[in-house]
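Colleague: Submitted below is the structure of interest, expressed as structure tokens.
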Amino acid sequence: MGLIVSIYRDIDGVDCTNGGVSSRDIKGLCITNIDGPFTPDPQYPAAKLVKNEYNHGNTVVVVPEEVEGRWTMMGGNLARTSDSRFSRAIEELLEVKIFYGGIPIHDRVEEYR
């Protein structure tokens, strides 16, 4: 079970995801590591909130399960919902008191040959 988030894309239709999950004709994503009443399906593919730790600070991104375990990067799209469970999960991961906004979707994968 999970929480549904909306996908925010470029208004001009520019896609920089290299065919990533968030560029497809879907309604949103289902974040499976946040408790919620929803189940992933073809219109709401499964994704997870992932904390990345760097020397200069930490970030939280959304990674679709389809590309989990691969080297991913942001393709320009964001995930967002007004549900407070989303903000609370990010606050816990980042150890901050208040978070409000969208999170980068890391669904761009580049294949090197």
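Here, each number is a calculation from the coordinates, and none is a lab measurement. This one's a predicted model, so the numbers in the text were calculated from it and none came from an experiment. Cβ coordinates were reconstructed from backbone atoms using ideal geometry, including for glycine residues, and neighbour counts include every protein chain displayed.
Colleague: Can you run phi through the Karplus equation (6.51, -1.76, 1.60; θ = phi - 60°) for segment 101-111 and list ³J(HN,Hα) in whole Hz, with x for Gly and Pro?
Modeller: Computed from phi, the couplings for segment 101-111 are x, x, 10, x, 9, 9, 10, 8, 10, 10, 9 Hz.
Colleague: Given R₀ = 30 Å, FRET efficiency for Glu91-Asn18 by Cβ-Cβ distance, to 0.05?
Modeller: 0.45
Colleague: Name the shape class, rounded, prolate or oblate, that the alpha-carbon gyration tensor gives for segment 14-113, where a ≥ b ≥ c are the square roots of its eigenvalues, rounded holds for a/c under 1.5, and otherwise prolate holds if a/b is larger than b/c and oblate otherwise.
Modeller: It comes out oblate by the Cα gyration axes.
Colleague: Enumerate by residue number the GluC sites (Glu not before Pro) in segment 1-91 meeting two conditions: DSSP loop (anything except H, G, I, E, B), and at most 16 other Cβ atoms within 10 Å of the site's Cβ.
Modeller: Answer in residue order: Glu68.
Colleague: Continuing with the same structure: Please turn the phi angles of segment 89-94 into ³J(HN,Hα) values with the Karplus equation 6.51 cos²θ - 1.76 cosθ + 1.60 (θ = phi - 60°), one per residue in order, whole Hz, x for glycine and proline.
Modeller: With the stated coefficients, segment 89-94 comes to 5, 5, 4, 5, 5, 8 Hz.
Colleague: Same structure again: Contour minus end-to-end for Tyr8 and Ser84, with contour as 0.36 nm per residue of separation and end-to-end as the Cα-Cα distance?
Modeller: Contour length minus the Cα-Cα distance gives 25.6 nm.
Colleague: Where a Cα-Cα gap under 17 Å defines reach, which aspartates and glutamates qualify for Lys27, not counting those fewer than 8 residues away within the same chain?
Modeller: Once the sequence-local aspartates and glutamates are set aside, what remains near Lys27 is Asp10, Asp15, Asp41, Glu65, Glu66, Asp83, Asp107.
Colleague: Related question: Of Tyr100, Tyr54, how do they rank once you tally other Cβ atoms within 10 Å and put the fewest first?
Modeller: Working: Tyr100 11, Tyr54 7.
The fewest-first ordering by Cβ neighbours comes to Tyr54, Tyr100.
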